[in-house]
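The values are calculated or read from the model by the stated rules, or taken from the named source; none is laboratory data. Just so you know, these numbers come straight off a predicted model, no measurement behind them. Note: ideal-geometry Cβ built from the backbone for every residue, glycine included; neighbour counts use all protein chains shown.
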Amino acid sequence: MTEPHQNYLWWQEGIIYQIYPRSFQDSNGDGIGDIPGISTRLDYVQSLGVTTIWLSPIFPSPMADFGYDISDYQDVSPLFGSLADFDVLLTEVHSRGMKLILDLVPNHTSSQHPWFLESRSSRDNPKRDWYIWQDGRPDGSPPNNWLSVFGGSGWEWDEPTQQYYYHGFLKEQPDLNWRNPVVQEAMFTAIRFWLDKGVDGFRVDVIWHLIKDNQLRDNPVNPDYEPHMATYDQLVPVYSTDQPEVHDLIRQMRQLVDTYEERLLIGEIYLPVQQLMAYYGVDGNEVHLPFNFQLLLLPWEAPQIATAIAEYERALPVNGWPNWVLGNHDRPRIASRVGTEQARVAALLLLTLRGTPTLYYGDEIGMRDVAIPFDEVQDPQGLNMPEKNLSRDPERTPMQWNSQPNAGFTEGKPWLRLARDFARQNVDQQQADPYSMLALYKRLIDLRQQEPSLKAGDYLPVYSDAQLIAYIRHIKNAPRFLIVLNLSHHPAYFTLTDHALKGIVEVATLPEWEGSFISETISLGGDEGILVRLTT
Ligand code: GLC
């Protein structure tokens, strides 16, 4: 069994909170959140008990993909503030004992980045080979069948130089050629720039896309494609992503990061569990945390979730630290996916599983996806494939702070409209309500940070069926906890097969449960979950 007083690294003990800078807090009335705004909200973030802030991109960018199209890796977009504002934020975060990680977007730049402007200026430009340029096929069509995640071909024809360039995302986001060592060095320089400033690490954007098949072979057709899926899913991207060579690159990145003290590398990777595990590297020499997105992707059904947890736990390499993500800026919010009541169960799950949890801003107050009228849609993924309903705007709406105009987010016109009910659903209102989602999150986070079993203990599955998941978290010489979650909307019975187990409910989705004595059979209402401190 795991020993309780082993030393854990900050990111193993910690809880990550993702801030989407455009939507957290505006300080200058332009309707777009910014860095000084975030600085004014740090007391709140700290009060949640989270330990690490991950900021989505804050760098100069034409904002074709809202910052994931970077035109300068070593500066801050004027929309978000200045480098000086950033330094203040970093100091303030550190002075609160928290950590700050940035989004690193190494796979592609903006088409307005000086590197690309040079690269496309002529075929013999020294930076031509910084990007992926190819002749068309003899009939003039693109070099291969690769598709863009955001719809259409992944190849864009460049008339002046008579070649195609590859872009896995927008045509405004040309992919860098990571086979070129000079490109690697340029990105490593950017990494050093931020680490030298004292940034605690990076979440690396689409890290599994970084390098492509050197023969640019066609991707095979996806036999499981269905019309409601994104057009990108028509093919299986076996040659455009997850190439064996990517691991060498990540090892290099890790070596660089390891020349600094205790910095963190997280990889954004959407791959099945077995492939995901490879990104921990041999003896943990790649990313510290390959993001585990199963809670975002799986149907919210007890059998699937229970199986996924068990498989993930089994698949982890020795010393591979687990992690769980419940929401991000690319996927519908949890409260909209599973309902507000069930989102409380999801909070209990996220914060009692083994491994570093990542929370998405606003989920702690149960924010829901906001319907954005079609003529207000901003997300290119939504605009490019209107019939598929893939816009990510609904999960990117401004943080709901209070019942003031625009929920206290801005004094201007917000870049995305707010939820209609923000006057009732906001931080201020929930702070005053001991039964709120916010109160539940705070209690769970607090308990997780206090209790060695929850922070680092082993995960022991106890039971699951069509509705329920139950497990124990335990560590040597410390209180153990039993968690029983009803993932369905209907009542369910749970019988402790181990009759010796008894305990007291410490936290529950329905606070009235708290303090109840538990033994033998427990009957849980729909959408209920309990966390029991075991006494025997
Ligand atoms: C990642 C980001 C997403 C972005 C894409 C392209 O998946 O999370 O928001 O659009 O990469 O950079």
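Summary of computed values
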{"item": "Among (1) closer than 20 Å to residue 302 by Cβ; (2) in contact with a strand residue (DSSP E or B) (Cβ under 8 Å, 6 or more places away or on another chain) - the single one residue 479 does not satisfy", "result": "(1)"}
{"item": "Residue in the range 386-399 that is over 27 Å from residue 168 (Cβ atoms), under 25 Å from the mean Cα position of the chain (by Cα) and away from the ligand (no atom under 15 Å from the Cβ) present", "result": "yes"}
{"item": "Condition met for residue 59 (within 14 Å of the ligand (Cβ to nearest atom) and either among the hydroxyl-bearing types (Ser, Thr, Tyr) or touching a strand residue (DSSP E or B) at 6+ places or on another chain (Cβ under 9 Å) (or both))", "result": "yes"}
{"item": "Residue within the range 94-104 that is at positive phi, more than 16 Å from the ligand (Cβ to nearest atom) and out of contact with any Ser or Thr (no Cβ under 6 Å at 6 or more places or on another chain) present", "result": "yes"}
{"item": "Hey, residue 141 of a type in the set (Ser, Thr, Tyr), crowded, with 17+ Cβ neighbours inside 10 Å and either away from the ligand (no atom under 16 Å from the Cβ) or within 31 Å of the chain's Cα centre (by Cα) (or both) or not", "result": "no"}
{"item": "Some residue of the range 359-368 being at pLDDT 95 or above, over 24 Å from residue 311 (Cα atoms) and in contact with a strand residue (DSSP E or B) (Cβ under 7 Å, 6 or more places away or on another chain)", "result": "yes"}
{"item": "Test result for residue 127, farther than 30 Å from residue 31 by Cα and either among the charged types (D, E, K, R) or within 16 Å of the ligand (Cβ to nearest atom) (or both)", "result": "yes"}
{"item": "Search result, residues across the range 219-237 that are assigned to a loop (DSSP other than H, G, I, E, B) and not polar (S, T, N, Q)", "result": "220, 223, 224, 225, 226, 227, 228, 229, 230, 236, 237"}
{"item": "Entirely in the range 407-513, the strands (runs of 3 or more DSSP E) that have 1 or more residues that are surrounded by fewer than 18 Cβ atoms within 10 Å (Cβ to Cβ), free of Cβ contacts under 8 Å to residues at least 40 places away in the same chain and of a type in the set (A, V, I, L, M)", "result": "458-464, 502-508"}
{"item": "Output for the range 62-86, where each listed residue is of a type outside the set (Asp, Glu), at negative phi, surrounded by 22 or more Cβ atoms within 10 Å (Cβ to Cβ) and within 12 Å of the ligand (Cβ to nearest atom)", "result": "68, 70"}
{"item": "Pair list, Cβ < 8 Å and 6+ apart or interchain, from the range 317-340 residues that are in contact (Cβ under 8 Å) with a residue 12 or more places away in the chain and closer than 13 Å to residue 298 by Cα to residues that are of a type in the set (Gly, Ala, Ser) and within 16 Å of the ligand (Cβ to nearest atom)", "result": "334/327"}
{"item": "Test: residue 153 is surrounded by 22 or more Cβ atoms within 10 Å (Cβ to Cβ) and at pLDDT 95 or above", "result": "no"}
{"item": "Considering residues of the range 371-382 that are modelled with pLDDT of 95 or more and among the hydrophobic types (A, V, I, L, M, F, W, C) only, the residue nearest to the ligand (Cβ to nearest atom)", "result": "377"}
